[in-house]
Amino acid sequence: GQNREEAMNTKKKITTEITEELSDANFKYLIAEANDGEIAAVAVARLVILSGAFAPKKTVQISVVYVRPHFRRRGIGNALTERMLEWGASVGAVECDLNVLMNNPAKLLYAKHGFSAHEVKMVRSLTK
């Protein structure tokens with residue numbers, strides 16, 4: 001495990017990265033709060049401009065849609081995903097992508113929003 005100093009350095013690094021992303025117009029953070037102010041969920045996406053042979057292509061990459069367990073099944077993940085898709089369209093993106101594990105029940109949510117499997121990532125353990 002990490003010692004206390006390593007843990008503090010990791011926290012400081014993450015805090016710095018998030019602070020930089022919050023001031024960058026190519027990132028979008030959404031935070032859902034319960035009526036009492038408790039954080040229920042968070043979503044993060046970024047706008048990426050891919051260079052191509054003929055013209056650049058803007059795409060949105062959703063990196064996180066996380067709903068805390070006791071807030072799930074209330075439509076929060078659905079609302080955050082919808083808002084991210086709206087943001088992507090508003091900044092001129094033509095496509096949105098995300099990664100989801102095979103056994104994640106959120107796959108159904110993403111399919112409902114029109115996402116489909118585009119590629120398969122194959123993984124192999126290196127430990128015995």
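Of the strands (runs of 3 or more DSSP E) lying entirely inside the stretch 1-73, those containing at least 1 residues that are aromatic (Phe, Trp, Tyr), open to solvent by less than 70 Å² (accessible area, probe 1.4 Å) and closer than 19 Å to Val100 by Cα span 27-33. Filtering the stretch 85-108 to residues that are open to solvent by less than 40 Å² (accessible area, probe 1.4 Å), in a helix (DSSP H, G or I) and either touching a helix residue (DSSP H, G or I) at 6+ places or on another chain (Cβ under 7 Å) or of a type in the set (Lys, Arg) (or both) leaves only Ala106.
Every condition in (1) farther than 27 Å from Val120 by Cα; (2) open to solvent by 50 Å² or more (accessible area, probe 1.4 Å); (3) in contact (Cβ under 8 Å) with a residue 12 or more places away in the chain holds for Glu82 except the one numbered (1). Does Leu85 qualify as being modelled with pLDDT under 95 and within 16 Å of Phe27 (Cα to Cα)? Answer is no for this residue. As a summary of the residue check, Asn103 satisfies the conditions (1) in contact with an Asp or Glu (Cβ under 9 Å, 6 or more places away or on another chain); (2) closer than 23 Å to Ser116 by Cα except for the one numbered (1).
Which count do you get for residues in the stretch 109-128 that are surrounded by 12 or more Cβ atoms within 10 Å (Cβ to Cβ) and over 29 Å from Pro56 (Cα atoms)? Outline the logic, then answer.
Residues of the stretch 109-128 surrounded by 12 or more Cβ atoms within 10 Å (Cβ to Cβ): 109-111, 113, 115.
Retained after the next criterion (residues that are over 29 Å from Pro56 (Cα atoms)): 109.
Residues meeting the conditions: 1.
The values are calculated or read from the model by the stated rules, or taken from the named source; none is laboratory data. Fair warning: this is a prediction, and the values are worked out from it, not measured in the lab. Note that we place each Cβ from the backbone using ideal geometry, even for glycine, and neighbour counts take in every protein chain shown. Remember, those area values only see protein heavy atoms, side chains included, never the ligands or the DNA or RNA. Shrake-Rupley method; radii C 1.70, N 1.55, O 1.52, S 1.80 Å.
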